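Working notes, beginning with the structure itself.
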Amino acid sequence: MAKMVKKGDLPQKICEMCQKPYAWRKKWARDWDNIRYCSQRCKTDAKRQS
């Protein structure tokens, strides 16, 4: 049986755009080191500013 991990124990990062913390998601497991934004909205807003 898989070991349960509490949400509070998941790794977190700070979004480069909105400066809010966001937690690890299973779909980001392969690219966690490369994830920089908490959402698609922050990602597109960052591209617009550059």
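The values are calculated or read from the model by the stated rules, or taken from the named source; none is laboratory data. All figures in this text were calculated on a predicted structure; none of them were measured in a lab. Positions of Cβ are backbone-derived with ideal geometry, glycine not excepted, and every protein chain shown enters the neighbour counts.
Hey, among the residues in segment 21-45 that are charged (D, E, K, R), surrounded by 10 or more Cβ atoms within 10 Å (Cβ to Cβ) and not in a helix (DSSP H, G or I), which one's modelled with the lowest pLDDT? By that ranking, first place goes to Arg25.
Of everything listed in (1) assigned to a loop (DSSP other than H, G, I, E, B); (2) surrounded by fewer than 10 Cβ atoms within 10 Å (Cβ to Cβ), the single unmet condition for Cys18 is (2). Restricted to segment 1-29, and to residues there that are within 12 Å of the chain's Cα centre (by Cα) and of a type in the set (Lys, Arg), the residue that is nearest to Ser50 (Cα to Cα) is Lys20.
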